[in-house]
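To keep things clear, I will list the structure first and then write my remarks on it.
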Amino acid sequence: MMLNNFRFWILVFALASGSLLGATASASQLPPFPEISQGAEPVWVSDPRLQFRRTDFLSRRGRGATAEEAVHAAYDKILQLYRVPEGGALPSEIEEALTVAGIWHDGANNEYRAIITLKQKAAENYPRAQIRTLDKTTRELLTRAKSEQEPIVKLGLVAKAEQLQNERAAWQKSMKKIDVTGQGIRAKWKVKTLNEEIDQIITKLAIQPAGDASDVSPDVMASMITRGLKVAGISAASAEKADYILKGRLAISHAPDESGWMGGLGTLEVELFKKGEEQPIGSYQWDINVLHLYPETAERRVVEKAEYLLKKEMRDVLITIALTRI
């Protein structure tokens, strides 16, 4: 029996097969379900453009053991195109413009084919709007960065612009598939260039390393931070020349696990201060867990892991703190 109402059809299918919870999209998300064609192969199966002109429609096809699976397969491709995360939903303006334009039962191979279409103008409008918004905000951030005198704020502004342009690049990748010309919208800023500007700002930061009272001495902690800054391209500044102070502390403990190995536990924290101020600009914290047979060695490995993290992540830590200042 042919059913014209997809919402009713999917509910019946789900009750019969228990597949409702496993569906990628709920019935409320999908367009109405058309009648299933049983005859000769529709032209859109081999080439959608023969029935739906590419200049007028964006289309995606799917196939499956059931009509529902075929529609979901096509719908999943739309979700990917519009960068919808798992469990998310399409923008309402895209959702409302979708049409399940055809479903065909391939009796020879006992499978179903489905095609979902979207008018080309509607298909392009949403990603174009996203790209325009990202570019507008990027321009505003970089304009502010040009006149910003506070180095850490300047870093945050350029780093945020770089994040937005990375997101824009992802939309551009989709836009090339959506746009009839395959060109999308050319970027005004290169992510590589913004990354280079971030590195230039970071290397000019005047940061004095410091240690706080903890399970390693202040001098040892200051030395660890100095080495972390060096890997990030920063030469540690003296107290006289510093604009900022990066202060660290490391708390260490140990406890055996069920197999008898000694667990070395640590909490590493760094705080960035503007010179002369008591309140930190921002902070970052790591939890450390290492194993060894002997408590002393486990504790030593906590210290080694702490220095490894400072070297590996110093650049990202400074950027993370800077992003909170814009």
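Values in this text are rule-based calculations from the coordinates and carry no lab data. Small disclaimer: the values here were computed from a predicted structure and weren't measured. Virtual Cβ from ideal backbone geometry, glycine too; neighbours counted across all protein chains shown.
Under the rule of -39500 (n - 2.57) per DSSP H run of 4 or more residues, summed and divided by the residues of the chain, what mean residue ellipticity at 222 nm is obtained, to the nearest 500 deg cm²/dmol? Display every interim value, and only then the final one.
Values: 9 runs with 147 residues, N = 326.
Calculated at 222 nm, the ellipticity per residue is -15000 deg cm²/dmol.
Give the calculated FRET efficiency between residue 192 and residue 49 to the nearest 0.05, with a Förster radius of 35 Å applied to their Cβ-Cβ distance. Mind dumping the intermediate values first?
Working: r = 36 Å, r/R0 = 1.03.
The formula returns an efficiency of 0.45 here.
As I understand it, the value is the acute angle between the Cα axis of helix 191-203 and the longest principal axis of the Cα atoms of the chain; what does it come to in degrees, rounded to 10?
That works out to roughly 10 degrees.
Can you pull the one-decimal nm distance between simple spin-label points at residue 121 and residue 223, each 7 Å off the Cα toward Cβ?
Inter-label distance under the simple model: 7.1 nm.
Let me know the charge dipole size of segment 123-203 about its Cα centre in debye, to the nearest 20, where only the beta-carbon of Lys, Arg (+1) and Asp, Glu (-1) is charged. Could you put the intermediate results ahead of the total?
Values: 16 positive and 11 negative charges, 73 e Å.
Dipole about the Cα centre, nearest 20: 360 debye.
Over all directions, how big on average is the projection of the convex hull of the alpha-carbon atoms in segment 151-197, in square nanometres? Walk me through the intermediate numbers first.
On the way: hull surface 12.7 nm².
Seen from a random direction, the Cα hull of segment 151-197 projects 3.2 nm² on average.
Going 7 Å from the Cα of residue 40 in the Cα-to-Cβ direction, what parts of segment 107-151 have a backbone nitrogen less than 18 Å from that spot?
Only 107-109 pass the distance filter.
Taking other Cβ within 10 Å of each residue's Cβ, how do 171, 189 sort, fewest first? Mind dumping the intermediate values first?
Numbers: 171 22, 189 17.
Neighbour counts put them in this order, fewest first: 189, 171.
When a footprinting reagent is the concern and you count Cβ atoms within 10 Å, what order do 154, 146, 176 take, fewest first? Numbers along the way, then the final one.
Numbers: 154 23, 146 9, 176 14.
Ascending Cβ contact count within 10 Å gives the list 146, 176, 154.
5 Å is the cut-off here: which amide hydrogens, built 1.01 Å from N in the peptide plane, fall below it relative to residue 57, excluding neighbours closer than 5 in sequence?
Distant-sequence amide H within range of residue 57: 120.
With the radius of gyration and the Kirkwood radius both derived from the Cα set of the chain, what is their ratio Rg to Rh? Mind dumping the intermediate values first?
Values: Rg = 28.3 Å, Rh = 24.4 Å.
Radius of gyration over Kirkwood radius for the chain works out to 1.16.
Which residue, 323, 126, 206, has the largest displacement toward the positive end of the dipole of the chain when charges sit on each Cβ (Lys, Arg +1; Asp, Glu -1)?
126
Over the alpha-carbon set of segment 122-262, divide Rg by the Kirkwood Rh and report the Rg/Rh ratio to two decimals. Spell out each step's value before the answer.
Values: Rg = 22.1 Å, Rh = 18.5 Å.
Taking Rh as the inverse mean 1/r over Cα pairs, Rg/Rh reads 1.19.
Could you please tell me the mean projected area of the C-alpha convex hull for segment 207-323, averaged over all directions and given in square nanometres to one decimal? Don't skip to the answer; put the middle values down first.
Numbers: hull surface 29.2 nm².
For segment 207-323, averaging the hull's shadow over all directions gives 7.3 nm².
What number results when the radius of gyration of segment 222-279, computed over Cα atoms, is divided by 2.2 N^0.38 Å? Don't skip to the answer; put the middle values down first.
Working: Rg = 16.3 Å, N = 58, 2.2 N^0.38 = 10.3 Å.
Dividing the Cα Rg of segment 222-279 by 2.2 N^0.38 Å gives 1.58.
Which Cα, out of 46, 30, 306, lies furthest along the positive dipole direction of the chain (beta carbon charges, K/R +1, D/E -1)?
Looking along the dipole axis, the top candidate is 46.
Among the listed pairs 230/312; 192/274; 77/160; 204/230; 136/188, which are separated by more than 19 Å between their Cα atoms?
Working: 230/312 11 Å; 192/274 29 Å; 77/160 30 Å; 204/230 12 Å; 136/188 11 Å.
Violating the 19 Å limit, Cα to Cα: 192/274; 77/160.
Give me the dipole magnitude in Debye, nearest 20, for segment 207-323 about the Cα centre, with unit charges on the beta carbon: positive for Lys and Arg, negative for Asp and Glu. Provide the component values of the computation, followed by the final result.
Details: 13 positive and 18 negative charges, 103 e Å.
Around 500 debye, computed over segment 207-323.
Counting only other residues whose beta carbon sits under 14 Å from that of residue 152, what net charge do I get with K and R as +1, D and E as -1? It would help to have the intermediate numbers written out before the result.
Values: positive: 144, 154, 160, 204, 274, 275, 315, 325; negative: 148, 150, 243, 271, 277.
Taking every Cβ under 14 Å from that of residue 152, the sum is +3.
Stokes-Einstein diffusion coefficient for segment 123-203 at 37 °C in a medium of 0.692 mPa s, Rh from the Kirkwood formula over Cα pairs: what value in µm²/s? Please report the intermediate quantities before stating the final value.
Details: Rh = 13.3 Å.
My calculation gives 248 µm²/s for D.
Please give, to one decimal in nm, the separation of the simple spin-label points placed at residue 65 and residue 108, each 7 Å out from Cα toward the Cβ.
2.3 nm
Could you size up the charge dipole of the chain around its Cα centre, putting +1 on the beta carbon of Lys and Arg and -1 on that of Asp and Glu, and report it in debye to the nearest 20? Intermediate results must be reported in sequence, preceding the final value.
Working: 43 positive and 42 negative charges, 342 e Å.
Its charge dipole is roughly 1640 debye.
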